[in-house]
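To keep things clear, I will list the structure first and then write my remarks on it.
The values are calculated or read from the model by the stated rules, or taken from the named source; none is laboratory data. All values derive from a computational prediction rather than experimental measurement. Backbone-built Cβ (ideal geometry, glycine too); neighbour counts: all protein chains shown. The accessibility values were calculated without ligands, DNA or RNA, using every heavy atom of the protein model including side chains. Shrake-Rupley method; radii C 1.70, N 1.55, O 1.52, S 1.80 Å.
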Amino acid sequence: MSISEYFQLLTNDYTLRTITLGTAVLGAICGMLGSFAVLRKQSLLGDAISHAALPGIAIAFLITGAKDTNILLLGALVSGLIGTFWIKGMTTKTHLKSDTALGLVLSLFFGFGMLLLTFIQKQPNANQAGLDKYLFGQAATLVESDVNLMIIVTSIALFIMVLFWKEFKLLLFDADYTKTLGFNTRFIDILITFFIVLAIVLGLQTVGVVLMSAMLLAPAAAARQWTNKLSVMVFLAAIFGAFSGVFGTAISASQNNLSTGPVIVLVASVFVLVSFIFSPGRGLLFRELRFRRNRNDLQLKKTLQLMFGIAQTHENISHPHAIKILNNFQGFTKKSLREMEEKEWITLNKQEWAMTEKGFNEAENLFNKQLEVNE
Amino acid sequence: MKQKIAIQVDDLTVAYNYKPVLWDIDLVVPEAVLMAIVGPNGAGKSTLIKSILGIIDPIAGSVSIYGKPYDKQRKLVAYVPQKGSVDWDFPTTAIDVVMMGTYGSLGWIKRPGQKEKKASLEALEKVGMLSFKNRQISQLSGGQQQRVFLARALVQNAAIYFMDEPFQGVDATTEIAIINILKELRKAGKTVVVVHHDLQTVPEYFDWVTFLNVKKIATGPVKEIFNDDNLTKTYGINYKVAVNK
């Protein structure tokens, strides 16, 4: 099945529609909440939380013996939250820096989770097959009830975000100041973190514990490139996330059921790459172009300044001078002289140049103009 | 005439780990003074402000603002943090940052409206930044960022202003603009407390000073206590400084 066939099937295939809707919603909520994580400089927290969720899934299975998604995700939620509190506790109560705490919790929980998974696989229970899908995700396992749960959680998160928008923004920008204004920063902090954990847990089935953090970070990092407004950034991140989810799932489903997680993450990375290069304000390409144009411009103005000095020695500013006398000056080339002629700053005649009225005025005002730019 | 007491700090002690950062600070600041807190690096100047404002929990001690506990008087107090304490690449504009100053009086959930916007624009105008209102904050210079922070505090319309090193890394124009606004605030009966590093400008800018080095060394009018003796006690070296009489 090719991707275009996949999208054609979408209109009449119920299962595909469910899966597509699910991954779109998941991408949206992850992009939305991921923006907060990125702006709080907690990018790696998501990685630690998703890895910390693995033992919860295994333990939930061991206790119930059944592979009910909701129960497994509940287990993931509990152990994800425990991991989060451990990280916060470690950073506030000990001298450990947050990257150390994150790394410790991540590897400890993930190691324990893998241990439990291998233990489960040795059990004489036919039911265990498929638990390892939680490592890299398999969108094809999504059913309607899973998607409904995603929609409900996303709606609640959206509602809370709109309700506390002002408080979230304030905390993200300046936490100390938020406290002095009388807001309970602990409450806002817990609210944001709780929804981030919730979004991660929801994504485990589709994207898997190993790569879930990219789902949070990639859309947000891409969105930041295109805007200087928080609301637009959150909105764009949701859109990018949704597209990554849909296209990633489409590719993975049409190519022999590849693990969905890696494919979604690769699609999201394409968004990041394109944004980093092509965004008009912050993109590398336009920055480089602006840089070159400015440098070229400055070079011309330096040459003009030199000519201005020479022209001033004559009563008639347009008196022709030999190009040779510029030779000691490194900043001029034939090309730059031609560009200056195009700007009508000078006129060229064989081996001589002469300054025009326009060029003289330009040079005279150079210094003043520079001041204006700096203002 | 006896001045009202704006800020009273009793027995304030703060420790991060084992070493005390502030030790048993008693401090009384009268209303309508412009006070500098001076002391060497690590003397606890910022910590003093932050623990008065409840950002840091002290081990012991109490703070009262106009005779009542700080918790009940928050609306009377505005804070200008160090410029470097936030990420200026945050996606927002100058006017948006100033508007944050109105969030406290709005309380939870309520959004700022026309009234708040108008007040914020006025504050921006006061600090000479009105033409930059829609500028992304990362594109402002250090001095302009500091002015935006000051405007955010002005919009709170408080009685007491705490400022953490407002002159750090700003040019002379901004420094003069800021100090003029602070002097205006004092004239309007407000109390301003500033963590300050440049000893040369203390007599010129301030009328009240607190010397701090973990313990409080001295506090009082600049004219009476800003002398070599207190400077030596605070900085541990014989610090000669020209005092404008």
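So here's what we get for this one:
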{"read-out": "Reference-scaled alpha-carbon Rg (2.2 N^0.38 Å with N residues) for the range A:292-374", "value": "1.04"}
{"read-out": "Helix runs (DSSP H) in chain A reaching 30 Å along axis by Cα, Kyte-Doolittle at least -1.0", "value": "A:14-39, A:69-93, A:98-121, A:185-207, A:230-254, A:284-312"}
{"read-out": "Rounded if a/c under 1.5, otherwise prolate or oblate - the protein assembly as shown, Cα gyration tensor axes", "value": "oblate"}
{"read-out": "Antiparallel content of DSSP bridges confined to the protein assembly as shown, in %, to 5", "value": "60"}
{"read-out": "Gyration tensor (alpha-carbon) shape descriptor, chain B, a/c threshold 1.5", "value": "prolate"}
{"read-out": "Farthest toward positive dipole pole in the range B:104-245 [+1 Lys/Arg, -1 Asp/Glu at C-beta], among B:130, B:203, B:178", "value": "B:130"}
{"read-out": "Sum of -39500 (n - 2.57) over DSSP H runs of 4+, divided by residues of chain A (222 nm, nearest 500)", "value": "-24500 deg cm²/dmol"}
{"read-out": "Diffusion constant of the range A:24-94 at 10 °C, which comes from Stokes-Einstein with the Kirkwood Cα-pair radius and 1.306 mPa s, µm²/s", "value": "119"}
{"read-out": "Counting DSSP beta bridges with both ends in chain B, the antiparallel % (nearest 5)", "value": "55"}
{"read-out": "Length-normalised contact order for chain B - Cα pairs under 8 Å, 6+ apart - percent", "value": "26"}
{"read-out": "Rounded if a/c under 1.5, otherwise prolate or oblate - the range A:3-282, Cα gyration tensor axes", "value": "oblate"}
{"read-out": "Unsatisfied cross-links (Cα-Cα over 31 Å) in the set B:72/B:223; A:179/A:229; B:68/B:133; A:41/A:166; B:68/B:110; A:93/B:215", "value": "B:72/B:223; B:68/B:133"}
{"read-out": "Of the trypsin sites (Lys or Arg not before Pro) in the range A:16-106, those whose Cβ has at most 11 other Cβ within 10 Å and which sit in DSSP loop", "value": "A:41, A:97"}
{"read-out": "Dipole moment magnitude, nearest 20 debye, chain A about Cα centre, only Lys, Arg, Asp, Glu C-beta charged", "value": "580"}
{"read-out": "Modelled label reach - residue A:351, point 7 Å along Cα→Cβ, the range A:277-321 residues with backbone N closer than 18 Å", "value": "A:320-321"}
{"read-out": "Carbon + sulfur, % of accessible area of the range A:292-374 - ligands and nucleic acids excluded, 1.4 Å", "value": "48"}
{"read-out": "Computed [θ] at 222 nm, deg cm²/dmol, chain B (DSSP H ≥ 4; -39,500 (n - 2.57); rounded to nearest 500)", "value": "-9000 deg cm²/dmol"}
{"read-out": "Proximal lysines relative to residue A:67, as straight alpha-carbon distance under 24 Å, when same-chain residues fewer than 8 apart are discounted", "value": "A:122, A:133"}
{"read-out": "Listed residue (B:220, A:332, A:233) projecting farthest to the positive dipole end of the protein assembly as shown, Cβ model", "value": "B:220"}
{"read-out": "Cα-Cα over 31 Å, subset of B:45/B:118; A:169/B:126; A:343/B:126; A:97/A:169", "value": "B:45/B:118; A:343/B:126"}
{"read-out": "Estimated FRET transfer efficiency (residue A:141, residue A:14; beta-carbon r; R0 22 Å; 0.05)", "value": "0.90"}
{"read-out": "Trypsin sites (Lys or Arg not before Pro) within the range A:216-302: DSSP coil, no more than 15 neighbouring Cβ in 10 Å", "value": "A:229"}
{"read-out": "Simple Cβ-charge dipole of the range B:24-154, Lys/Arg +1 and Asp/Glu -1, about Cα centre, in debye nearest 20", "value": "540"}
